[in-house]
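Right, one structure below, let's go through it.
The values are calculated or read from the model by the stated rules, or taken from the named source; none is laboratory data. Being a predicted model, the structure only gives us computed values, none of them experimental. Cβ coordinates were reconstructed from backbone atoms using ideal geometry, including for glycine residues, and neighbour counts include every protein chain displayed.
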Amino acid sequence: MTRPGLVVLFFGLFGTLSGQDLTITQSPGYPYADGQAELVASLMKSFDYEEEEPIFTDTLEAWEQWHTVQNFEFGKNRGHLPMIADLNSLHPYFRDKVARLIEACREKGIELAVVEAYRTKAKQNEYRSMGKKYTRSVGGLSKHQYGLAVDVVPIVDSVAQWHNSTLWRKVGLAGEKLGMRWGGRWRYLYDPGHFEWTGGLTSYHLTQGAAPRIPQPDAYPCLEEELTVLRTFWEQWEADQAAAKDVTHSSKAMK
Ligand SMILES: [Zn+2]
């Protein structure tokens, strides 16, 4: 309810209770009649009109707040470096598609967990070093490195359903309906949890710094600014995980 609305309501109540004839038939205008101003002031005071706190997500440290997932959290070996599983790490347009996928699946009674969203080159190379069943792409060549891919898994009774083909098909079709490419269609490295969207760009285009053109630019008026912030966050993560990987490697070497 708007403030004038509240004032009208409470004028009405107090008018009746106190027997004063305030006869407010429309929004109370200024100036008030004698005594009304004080009444209004006391009424306004009695409410806690807290200003809504603006939420700033583009602070310099926001990247550190991104939700991450540790190895084996979803029952699979996904390497030493933590996975960034925060939808904020994704390209804004793709992020909205993923949010809609999660919502669409929820409506069907399927709970999806985000396993990995943005992925650093360091993390990509770690998968690569873990073998061909993890990925065929080296760092920089996966859509994950551009915030344009996500890995999800359906959860039933708190358990990740990696091998439930019925569930995967439903999830995959829901994602394709939203215009995403689904890894469940791939023959080599069948990857049903993987969804991506590149606006028609290839990995090569992406490595050359091309950004996908989004279909509804008016809906994303601050896209360029958001992407600039996002890229700085990605760089922070890249530096962080590259350093963590060096530590892992040197500790391995010492053993
Ligand atoms: Zn993936």
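With (1) modelled with pLDDT of 95 or more; (2) within 15 Å of the ligand (Cβ to nearest atom); (3) under 21 Å from PRO212 (Cβ atoms); (4) not small (Gly, Ala, Ser) as the list, and VAL153 as the residue in question, which single condition is left unmet?
Only one criterion in (1) modelled with pLDDT of 95 or more; (2) within 15 Å of the ligand (Cβ to nearest atom); (3) under 21 Å from PRO212 (Cβ atoms); (4) not small (Gly, Ala, Ser) is unmet by VAL153, namely (3).
Mind checking which residues of the range 96-117 are more than 15 Å from the ligand (Cβ to nearest atom) and assigned to a helix (DSSP H, G or I)? Quick ask: steps written out before the conclusion?
Filtering the range 96-117 for residues more than 15 Å from the ligand (Cβ to nearest atom) gives 96, 99-100, 102-111.
ASP96, ALA99, ARG100, ILE102, GLU103, ALA104, CYS105, ARG106, GLU107 - these are the residues of the range 96-117 that are more than 15 Å from the ligand (Cβ to nearest atom) and assigned to a helix (DSSP H, G or I).
Residues that are of a type in the set (S, T, N, Q), without any contact (Cβ under 8 Å) to a residue 12 or more places away in the chain and either more than 13 Å from the ligand (Cβ to nearest atom) or farther than 23 Å from HIS205 by Cα (or both): does the range 118-128 have at least one?
No, every residue in the range 118-128 fails to be of a type in the set (S, T, N, Q), without any contact (Cβ under 8 Å) to a residue 12 or more places away in the chain and either more than 13 Å from the ligand (Cβ to nearest atom) or farther than 23 Å from HIS205 by Cα (or both).
Give the residue that is nearest to TRP66 (Cα to Cα), with candidates limited to residues of the range 143-164 that are touching a residue at least 24 places away in the same chain (Cβ under 8 Å) and small (Gly, Ala, Ser).
Among them, the one singled out is GLY147.
Could you list, in sequence order, all residues of the range 76-92 that are surrounded by 22 or more Cβ atoms within 10 Å (Cβ to Cβ) and out of contact with any strand residue (DSSP E or B) (no Cβ under 6 Å at 6 or more places or on another chain)?
ARG78, LEU81, SER89, LEU90, HIS91
Only one of these is part of a loop (DSSP other than H, G, I, E, B), aliphatic (A, V, I, L, M) and either surrounded by fewer than 19 Cβ atoms within 10 Å (Cβ to Cβ) or out of contact with any strand residue (DSSP E or B) (no Cβ under 7 Å at 6 or more places or on another chain) (or both): LEU141, LEU173. Name it.
Result: LEU141 is the single residue among LEU141, LEU173 that is part of a loop (DSSP other than H, G, I, E, B), aliphatic (A, V, I, L, M) and either surrounded by fewer than 19 Cβ atoms within 10 Å (Cβ to Cβ) or out of contact with any strand residue (DSSP E or B) (no Cβ under 7 Å at 6 or more places or on another chain) (or both).
May I ask you to list the residues in the range 155-169 that are in a loop (DSSP other than H, G, I, E, B), surrounded by fewer than 15 Cβ atoms within 10 Å (Cβ to Cβ) and over 23 Å from the mean Cα position of the chain (by Cα)?
Within the range 155-169, ASP157, HIS163 qualify.
Can we say ASP191 is within 16 Å of the ligand (Cβ to nearest atom) and in contact with a helix residue (DSSP H, G or I) (Cβ under 7 Å, 6 or more places away or on another chain)?
yes
Considering only the range 112-135, state which residues are of a type in the set (D, E, K, R) and surrounded by 14 or more Cβ atoms within 10 Å (Cβ to Cβ).
The answer is GLU116, ARG119, LYS121, LYS123, GLU126, ARG128.
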